[in-house]
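Below are the structure tokens for one structure; questions will follow.
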Amino acid sequence: MREAGVTMVNVGIFSWALLEPAEGQFDFSRTDRLLKLLHDNGIAADLATPTAAPPAWFFRAHPQALPVDRDGRTLSYGSRQTFCPSSPAYRTAALRIARALAERYADHPAVAMWHIHNEYGCHNAACYCDTSAEAFRRWLQAKYGDDLDALNHAWGTTFWSQWYYNWDEVLPPRATGADPNPAHLLDWRRFCSDELLSLYTAERDVLRAADPSTPATTNFMVNFSIEALDYWRWAPELDIVSNDHYLRSSDPESEIDLALSGDLVRSMAGGPWLLMEHSTGAVNWQPVNRAKRPGEMRRNALAHVAHGADGIAFFQWRAAKAGAEQWHSAMLPHAGTDSQIWRDVVQLGADLKALAEVRGSTTTAQVAVVWDWNARWAMEQPSQPNGELRFVDLVRDWYRPLWQARVAVDFVRPDSDLSSYRLVLVPSLYLVDDTGAANLAGFAERGGTLTVGFHSGAVDENCHVQLGGYPGAFRDVLGVHTDELFPLLPGETLSLTGAIPADATATAWSERVRLEGAEAVASYADGPLQGVPAVTRHSPGDGTAWYVATRPDSETLAALLARICDEAGVEPVVATPVKGIEAVRRTGPDADYLFLIDHGGIGGEVPTDGVELLTGKDVSGWVTVPAGGVAVVRETR
Ligand code: GLA
């Protein structure tokens, strides 16, 4: 670890069975030894509560703490992340082990941070048992002020004879013979996120009581993997926001997914954050697990730094000989130190040391992208006009051209303060409440540029359709009125015509838009909506509001967003484009740091002046980014 420049280690994340061999009996000998060893070598510990993996004895004593899935199947112990979040026995046991660890190690000089649980909501985020049903009802009673009629109205339960006369009749959305009620399903997802959050805060409070000064975190996975948590609600509860990110072998542009993840977590943290996990090489949980290409691990790690990470960690230190993750890569591979991965890990340790001064700096963006879990959950429910659409894909459609154009973005909530942005993008916001809709409209009316993607503003916070024409909540600010939706079948393509690339096409979605103040920028050239506007531009108040009423092909969307950025006065991080090179700037009180990462495999030269920190060399006029490599320049101000 010293050779690799390791400064902090996560200890004991899934060690419950070893720490507490029998209920209430603790064995800290291993942890004592490990913490001493780390401390003697100048390495800090992020000491974990092991509550993501309750031991077998716990479930033998408390079988009712096993989770039940929506089909009524009780799951077994024998893996990890398998427990009922609402189980009182689980909560008691989790807080007992957290308290025991906190009391023993609060003053230990190695302990620099508390790591609570692990990736809440990964694998199993919901339990449908009777205890969970009671907890769900309590959550609903608090939300609806004990007023069952309010719930009935919010859920629209006159439909399909779902009206409830008694609170006891209300259940989790268990498997039924036909589609569930959308508002019921949405409240359930909100409840599941809150229920896990309450477990986090309960453990955190136990740790704080014994150790008020050591910060606590839990590791998020913000973009594709853990859909179950509304991280906007979670982030303020963490002392340090940390995130995990893994590449998907099937994704040919995983560097874009990584960048999106980094920007999202930085936005949630409101500044620097910690990368708690990524991999040195292949993972083990995909159909085929691709190894990283030469230099890819370094590019990944430094791209996380570029997007705001102030520390880089890996799952895992040593590749396991046994167990479910025996084929997952590690810093120290099965082959030992005579391996490329080990040499790369040692190199990365030196790189991170050279970048130490970057810590604390952050990115400023002129563009904000709206990201909302309620909208995501609602649009991905059954019985939608186009059930093929995924929120993350729609956001990435828009993020990709901005990344390619080297435009910095923040992610925001619909109700965030937008006053510092020139351009606000809403790729997909199926659901929005009145406050969010008014905030976004107000931004445009006060002079900002707002751009909204199709089928946004369709329903309110209870999944009730906004009547009077689509896109409901955004009709006025966009100056359009749609009377009917025309989603496209998979493989169906429409041609577009207008002030866009000549061969522009669109898939997935179209709608019969009528202009009510807006102008048409592009229209359908064929199909049932020939001549109908597909992209519109309106001038509400002092600003501009665009509506992209279809899913344009990537070149067309890129051209459109380039024009919108240009008109809104958005400037890229570096003006000169160098193909394949990602450019991100972190700004600190004393210096600006320009990160240039070559994903294209060719490298290039980028105009700048200052000092390149990885080599320590002065740069004047331009810096060379090596093929497949990275340059980080402390720019002359
Ligand atoms: C998750 C977990 C880790 C490990 C990795 C494997 O992110 O937190 O414990 O299982 O995945 O990729």
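HN-Hα J couplings of the range 259-265 from phi, Karplus 6.51/-1.76/1.60, θ = phi - 60°, integer Hz, Gly and Pro as x?
For the range 259-265, the Karplus-derived couplings read 5, 4, 4, x, 5, 5, 6 Hz, x marking Gly and Pro.
I'd like the Karplus ³J(HN,Hα) series for the range 178-193: coefficients 6.51, -1.76, 1.60, θ = phi - 60°, whole numbers in Hz, and an x wherever there's a Gly or Pro.
9, 4, x, 7, x, 6, 4, 4, 5, 4, 4, 5, 4, 4, 4, 5
Rounded to the nearest 0.05, what FRET efficiency is calculated for L37 and R60 with R0 set to 30 Å and r the Cβ-Cβ distance?
Working: r = 33 Å, r/R0 = 1.11.
Given R0 = 30 Å and the Cβ-Cβ separation, E is 0.35.
Suppose R0 equals 51 Å. What FRET efficiency, 1/(1 + (r/R0)^6) with r the Cβ-Cβ distance, do F28 and D526 give to the nearest 0.05?
FRET efficiency, F28 to D526: 0.10.
I need the phi-derived Karplus couplings for the range 41-48: 6.51 cos²θ - 1.76 cosθ + 1.60, θ = phi - 60°, integer Hz, Gly and Pro marked x.
Result, rounded to whole Hz: 9, x, 10, 8, 10, 9, 7, 9.
Treat each spin label as a single point 7 Å out from the Cα along the C-beta direction, and report the L75 to A405 distance in nm.
That separation, rounded to one decimal, is 4.3 nm.
For the range 516-637, with every protein chain kept in place, what is the accessible area per residue (1.4 Å probe, Å²)?
Using a 1.4 Å probe on heavy atoms only, each residue of the range 516-637 averages 42 Å².
Mind checking the per residue accessible area of the range 41-95 for me, 1.4 Å probe, whole number of Å²? If you can, show how the numbers build up before the last one.
Working: 2180 Å² over 55 residues.
It amounts to 40 Å² per residue over the range 41-95.
While we're here: With a 1.4 Å probe and all protein chains left in place, how much accessible area per residue does the range 193-276 have, in Å²?
Each residue of the range 193-276 exposes 27 Å² on average to a 1.4 Å probe.
Within 10 Å, count the other beta carbons around each residue, average over each peptide in 300-311, 588-599, and list them highest first.
Result, highest mean first: 300-311, 588-599.
For a quick check: with amide H placed at 1.01 Å from N, whose amide H comes under 5 Å from A319's, ignoring anything fewer than 5 positions away on the same chain?
Placed amide hydrogens put L332, H334 under 5 Å from A319.
Using a 7 Å offset from the Cα along the Cα-to-Cβ direction at both E605 and D590, what is the distance between the two label points in nm, to one decimal?
3.1
Could you sort out which of K36/K292; K321/K353; K292/K353 sit more than 27 Å apart by Cα distance in this structure? Spell out each step's value before the answer.
Numbers: K36/K292 34 Å; K321/K353 31 Å; K292/K353 23 Å.
Checking Cα-Cα distances, K36/K292; K321/K353 exceed 27 Å.
Would you kindly state how much longer the chain becomes between H334 and T92 on full extension, computed as 0.36 nm times their sequence separation minus their alpha carbon distance, in nm to one decimal?
Here the segment from H334 to T92 would lengthen by 83.3 nm.
Further, regarding this structure: Can you list the residues, at least 5 places off or on another chain, whose amide H is less than 5 Å from the amide H of V625, using H built in the peptide plane?
Distant-sequence amide H within range of V625: G604, E605, V606.
Ignoring everything except DSSP H segments at least 4 long, calculate the 222 nm mean residue ellipticity for the chain; use -39,500 (n - 2.57) per segment, divide by total residues, nearest 500. Don't skip to the end; give the middle numbers.
Values: 16 runs with 189 residues, N = 637.
Using -39500 (n - 2.57) per qualifying helix, the result is -9000 deg cm²/dmol.
I would also like to ask the following. Using a 7 Å offset from the Cα along the Cα-to-Cβ direction at both R390 and D476, what is the distance between the two label points in nm, to one decimal?
Taking the two extended label points, one gets 3.7 nm.
Starting from the amide H of F411, placed 1.01 Å from N in the peptide plane, find each other amide H under 5 Å away whose residue is 5 or more places distant or on another chain.
S267, V369
Here's another thing I want to ask about it. Measure off, as a whole percent, the carbon and sulfur share of the 1.4 Å-probe accessible area of the range 1-106, all protein chains present. Please report the intermediate quantities before stating the final value.
Numbers: 2580 of 5020 Å².
After summing per-atom areas, the C and S share lands at 51 percent.
For an R0 of 35 angstrom, estimate the FRET efficiency from the Cβ-Cβ distance between T497 and S420 and round to the nearest 0.05. Before the final figure, lay out the partial values.
Numbers: r = 37 Å, r/R0 = 1.04.
For R0 = 35 Å, the calculated efficiency reads 0.45.
Can you give the accessible area of H123 in Å² (nearest 10), computed on protein heavy atoms with a 1.4 Å probe?
Result for H123: roughly 120 Å² accessible.
With charges only on Cβ, +1 for K and R and -1 for D and E, what is the dipole size of the chain about its Cα centre, in debye, rounded to 20?
In debye, rounded to 20, the chain gives about 1600.
Can you give the extra length, in nm with one decimal, that the chain gains between E237 and S250 once fully stretched, where that is 0.36 nm per residue apart less the Cα-Cα distance?
Extra length from E237 to S250 when fully extended: 1.3 nm.
If you average the C-alpha positions of the range 574-626 and of the range 396-421 separately, how far apart do those two centres end up, in angstrom?
Value for the Cα centre distance between the two parts: 22 Å.
With the full set of protein chains in place, find how many percent of the accessible area of the range 366-502 is carbon and sulfur; take the probe as 1.4 Å.
It is 45 percent, rounded to a whole number.
Calculate the length of the line joining the C-alpha centroid of the range 304-338 to that of the range 67-84, in whole Å.
Using only Cα atoms, the two centres lie 28 Å from each other.
The values are calculated or read from the model by the stated rules, or taken from the named source; none is laboratory data. Worth saying up front: this structure is predicted, and the values here are computed from it rather than measured. All Cβ positions, glycine included, derive from the backbone under ideal geometry; neighbour counts span all protein chains shown. Just the protein is used for accessible areas: all its heavy atoms, side chains included, with ligands, DNA and RNA removed. Shrake-Rupley method; radii C 1.70, N 1.55, O 1.52, S 1.80 Å.
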